[in-house]
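**Student:** Pasting in a structure now, in structure tokens, and then I'll have a few things to ask.
Any read-out appearing in this document is the output of simple, stated calculations on the displayed coordinates, not a laboratory observation. Because the structure is a prediction, the values reported are computed rather than measured. Quick reminder, even Gly has a Cβ in these numbers, built from the backbone with ideal geometry, and neighbours come from all protein chains shown.
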Amino acid sequence: MGPPLRITTALAAAAAVAAVPLLAGCGGGNGDAPSIPLADERGGGARIADLVGKAAWLDADPRTQDSEGCEGVPADRRVSVTAATLIAIDRFDETGEGAHGNYYVQDRADEPVAYSGMTVFQPAFSPPDLRLFPGDVVDLLGVLTEFRGPSSGRFPGCRTLPEIGGTMSFRFEDGPAKPIRVPLDALTSYATARSYLGMLVQIEGVQTVGDPTRRDGRYTARINVGAGVLGDDIPSLSNELYDLEAEGPPLGGGASFGSVTGVLTYFHGFKIAPRCPADFQLEGAALPADDACAP
């Protein structure tokens, strides 16, 4: 006997509604069957892009350290999001201290748009034994927070990380999410890079600078973005989602790639977190037709 089907009350309701016109048509009568609209497969909740936007509270001087006192940062608020595609699950504990558990989702769409990604901070599940995989479409019910950084070191310049803490539930299975192509220079300032936070991004023409750094299990390699960019605004490649140091390509000495795909994260700087070795494409190599990192 195969594994049990994952089905929700919402799906069952949608199937019942879809069947109504057929039953009415078989019953005869003088006239067409009543028109009953089909249920929206995406659900009636908000989309992530409806909730996240520009950071109007951003301080123009990134050296401002006291993000605790920044004015205009939205208060935590309860939200209901439907039809978000799961793009990655952080199962790699790079620090050995429990640095895993985050889920990353973006609005389900044929062509991703800006501000449609989100970090889901160590979620709960409904039902509790639910197991999700990249490509699943989910609903989220929880609290949206503009995280200002840990109390031991707030983010500078009133920068924040939007994230949801709450419960995820399964809606239906779908194919892998498409990455959004982002120019490298869009990642060299918080104001522009925020648009792609939590999203699956694809950056072309990536070259590292210097040697990778290792600190407390974190392995990062800075990306060459030219001169004139402040240190905190230089994006990096990071090992947040898999063992990049042991399983990834060599990143030292100015390594070059035709493109790099990964989830865009933020913690005292923007980082591209590849999900597996196939997220690196050599110069001149064709991009894969399908998501080679999909399970």
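**Student:** Sort all Cα-Cα distances of segment 180-281 into consecutive 10 angstrom bins from zero, then give the percent of pairs in each bin up to the one containing the longest distance.
**Tutor:** 16, 57, 27, 0
**Student:** If Lys and Arg each add +1 and Asp and Glu each add -1, what is the summed charge of the other residues whose beta carbon sits under 11 Å from the beta carbon of residue 265?
**Tutor:** Here the count lands on -2.
**Student:** Ok, one more. Semi-axes of segment 118-270's equivalent ellipsoid from the Cα gyration tensor, sqrt of 5 times each eigenvalue, largest first, rounded to whole Å?
**Tutor:** Sorted largest first and rounded, they come to 28, 19, 15 Å.
**Student:** Here's a follow-up. Looking only at segment 99-125, which residues have a backbone nitrogen under 19 Å from a spot 7 Å from the Cα of residue 41 in the C-beta direction?
**Tutor:** Zone members listed by number: 106-113.
**Student:** Is the shape of segment 148-201 best called rounded, prolate or oblate, per the rule: a/c under 1.5 gives rounded, else a/b larger than b/c gives prolate, else oblate, with a ≥ b ≥ c the square roots of the Cα gyration tensor eigenvalues?
**Tutor:** oblate
**Student:** Please give me the summed charge of the neighbours of residue 200: other residues whose Cβ is under 10 Å from its Cβ, Lys and Arg +1, Asp and Glu -1.
**Tutor:** Around residue 200, the surrounding residues sum to 0.
**Student:** Moving on. Just to check, using Stokes-Einstein with a Kirkwood Rh over alpha carbon pairs, what's the diffusion coefficient of segment 48-173 at 4 °C and 1.567 mPa s in µm²/s?
**Tutor:** Working: Rh = 15.6 Å.
In µm²/s, the coefficient is 83.
**Student:** Modelled label-to-label distance, residue 246 and residue 181, 7 Å Cα→beta-carbon offset: nm?
**Tutor:** 3.6 nm
**Student:** What is the sum of charges around residue 291, taking Lys and Arg as +1, Asp and Glu as -1, for the other residues whose C-beta is under 14 Å from the C-beta of residue 291?
**Tutor:** Residues near residue 291 contribute -2 overall.
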